[in-house]
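Colleague: Got a structure here, written out as structure tokens. Questions coming.
The values are calculated or read from the model by the stated rules, or taken from the named source; none is laboratory data. Keep in mind that this is a model prediction, so the values were computed, not measured. Here the Cβ positions follow ideal geometry from the backbone for every residue, glycine too, while neighbour counts run over all protein chains shown.
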Amino acid sequence: MNPNNWSPIELFNIGACACLLLFSIAFSTWRAFRSKTKGWLWRIYSALIWVGLVIMLYSDKFAGASSHRMPMEFVAGTWLLLAGVIATTMHGLWLLRRHTRPRPHMPVS
């Protein structure tokens, strides 16, 4: 793989995934410390992302000298990281929808 041969679409996709990862890490960690309700849920999301990232970074060796497969630790870290990113993104979108939808008007009598 040579980064000089990547198309602009591939570079855009890599950048979009990096932005989503950084948003998820920052938002889940910030909400874990600042949330007044469901702080435990944000701590789980943050822990999934951070633990998955640490596992991925420390499992950099391949399974064998002649094997080109990913090690199982890297796969487990990837799944943990993806679960945390998806959960954080979905919960964040739900919060955004809840705050932006129109409120019903109270009848005045």
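Colleague: Could you figure out which of (1) touching a Phe, Trp or Tyr at 6+ places or on another chain (Cβ under 9 Å); (2) surrounded by 14 or more Cβ atoms within 10 Å (Cβ to Cβ) isn't true of H68?
Modeller: Among (1) touching a Phe, Trp or Tyr at 6+ places or on another chain (Cβ under 9 Å); (2) surrounded by 14 or more Cβ atoms within 10 Å (Cβ to Cβ), the lone unmet condition for H68 is (2).
Colleague: Here is a follow-up. Output the number of residues of the range 13-27 satisfying the condition of being surrounded by 11 or more Cβ atoms within 10 Å (Cβ to Cβ) and within 23 Å of W42 (Cβ to Cβ).
Modeller: 8
Colleague: Return the residue satisfying two criteria in turn: it lies in the range 75-97 and is within 16 Å of S46 (Cβ to Cβ) and among the polar types (S, T, N, Q), and of such residues it is surrounded by the fewest Cβ atoms within 10 Å (Cβ to Cβ).
Modeller: Residues of the range 75-97 within 16 Å of S46 (Cβ to Cβ): 77, 80-92, 95.
From what is left, the residues that are among the polar types (S, T, N, Q) are 88-89.
Values: T88: 26, T89: 16.
Per the stated criteria, the residue is T89.
Colleague: Quick one: V108 ticks every box in (1) outside any helix (DSSP H, G or I); (2) surrounded by 10 or more Cβ atoms within 10 Å (Cβ to Cβ); (3) aliphatic (A, V, I, L, M) bar one, so which box is it?
Modeller: (2)
Colleague: Would you check if L41 is aliphatic (A, V, I, L, M), modelled with pLDDT of 90 or more and within 23 Å of L20 (Cα to Cα)? Steps first, please.
Modeller: Working: aliphatic (A, V, I, L, M): yes; modelled with pLDDT of 90 or more: yes; within 23 Å of L20 (Cα to Cα): yes.
It is true that L41 is aliphatic (A, V, I, L, M), modelled with pLDDT of 90 or more and within 23 Å of L20 (Cα to Cα).
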